[in-house]
1. Out of all the residues in region 77-102, which are surrounded by fewer than 20 Cβ atoms within 10 Å (Cβ to Cβ), among the acidic types (Asp, Glu) and out of contact with any Leu (no Cβ under 8 Å at 6 or more places or on another chain)?
2. Considering only residues that are charged (D, E, K, R) and in contact with a helix residue (DSSP H, G or I) (Cβ under 7 Å, 6 or more places away or on another chain), look in region 151-176 and name the one that is surrounded by the fewest Cβ atoms within 10 Å (Cβ to Cβ).
3. Filter region 170-199 for residues that are under 21 Å from Val143 (Cα atoms) and not hydrophobic (A, V, I, L, M, F, W, C) and give the result.
4. When the residues of region 121-146 are narrowed to those that are closer than 27 Å to Thr200 by Cβ and without any contact (Cβ under 8 Å) to a residue 60 or more places away in the chain, which ends up surrounded by the fewest Cβ atoms within 10 Å (Cβ to Cβ)?
5. Taking the options Tyr165, Tyr196, name whichever one is under 26 Å from Ala103 (Cα atoms), of a type in the set (Phe, Trp, Tyr) and free of Cβ contacts under 8 Å to residues at least 40 places away in the same chain.
6. Kindly indicate which of Ala135, Ala116, Ala110, Ala130 is more than 18 Å from the chain's Cα centre (by Cα) and within 18 Å of Gly181 (Cβ to Cβ).
Amino acid sequence: MKYRVWPLVVIVAIAAAAFAGCQNPAGSDLDEDLDGIGGGGTPIPPSPPVNSPADLAAIPFRSLVAVDGGVFLQEDVNDNAFEHTIGNYDIGVYQVTYELWYAVRGWALANGYTFANAGREGHAGGDGAAPTASAKHHPVTTVSWFDVVVWANAYSEMDGLTPVYYMDVAHMEVLRDATIGGNVPLDNVDWNADGYRLPTEGEWEYAARWRGDDDADAGVVEYPDRSGRFWTPPKWASGATDSVADADETGKVA
């Protein structure tokens with residue numbers, strides 16, 4: 001099954017995220033135990049989408065790009081590495097704009113959703129203010145991780161897709177409240193759903209480090225050996241030609 005992921009950069013609360021709707025790839029590195037939400041309460045099936053306050057088709061910068069899966073050497077800044085197989089998925093081309101966030105949040109509030117933070121337009125917008133012509137395509141900021149996953153569920157329902165995050169392991173009660181605190185157990189995530197979700201760490205790193213079959217740039221890593229698949233080294237900014245210690249080269253892609 002193909003995965004659908006969409007990046008979202010949140011400046012204040014989280015560093016980077018993405019949305020996807022699909023099953024968990026084999027060997028996924030989602031090893032953070034996101035416990036905290038129980039399975040109690042009356043099961044509530046996903047509600048059908050209603051007329052949205054804004055036509056999603058009219059909102060730009062929503063496109064996804066296909067990423068062909070494969071094997072790469074996943075590493076962290078402490079040089080811990082392991083071979084990781086990633087399945088095919090789609091990832092958002094752009095950061096989630098405030099215009100899109102605002103439209104989906106408005107639909108969500110009218111359909112039983114609750115958020116801890118309203119979000120801002122870029123770095124200077126007001127909390128929950130209407131998008132402006134000059135900055136509506138700036139990324140949404142000042143939202144929490146919980147706001148993001150709840151928003152992803154709302155976006156899924158609004159777009160006629162099946163939500164990914166639930167209150168229970170049976171995947172009957174959709175997570176619609178970002179103020180409940182705690183975390184989301186991995187069993188509460190429906191990896192087979194076609195809605196939007198955050199990417200796994202492996203999916204994010206795979207997309208960020210992929211350099212294609214062009215080995216002209218200095219320092220790129222070929223993996224597997226003689227495969228013709230090249231990657232940005234783990235301590236480099238995505239697309240850079242030197243490590244983060246080189247401020248000039250990092251600044252060209254940051």
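Here, each number is a calculation from the coordinates, and none is a lab measurement. If you're wondering where the values come from, they're calculated on a predicted model, not measured in any experiment. Here the Cβ is made from the backbone with ideal geometry for all residues, glycine too, and neighbour counts use every protein chain on show.
1. Once the filter is applied, which keeps residues that are surrounded by fewer than 20 Cβ atoms within 10 Å (Cβ to Cβ), among the acidic types (Asp, Glu) and out of contact with any Leu (no Cβ under 8 Å at 6 or more places or on another chain), region 77-102 yields only Asp79.
2. Within region 151-176, the first condition is being charged (D, E, K, R), and the residues that meet it are 157, 159, 168, 173, 176.
If we keep only those that are in contact with a helix residue (DSSP H, G or I) (Cβ under 7 Å, 6 or more places away or on another chain) as well, we get 159, 168, 176.
On the way: Asp159: 17, Asp168: 19, Arg176: 23.
Among them, the one singled out is Asp159.
3. Across region 170-199, the qualifying residues are Arg176, Asp177, Thr179, Gly181, Gly182, Asn183, Pro185, Gly195, Tyr196, Arg197, Pro199.
4. For region 121-146, the residue satisfying everything is His138.
5. On the way: Tyr196 fails: free of Cβ contacts under 8 Å to residues at least 40 places away in the same chain.
Residue meeting the stated conditions: Tyr165.
6. So the residue among Ala135, Ala116, Ala110, Ala130 that is more than 18 Å from the chain's Cα centre (by Cα) and within 18 Å of Gly181 (Cβ to Cβ) is Ala116.
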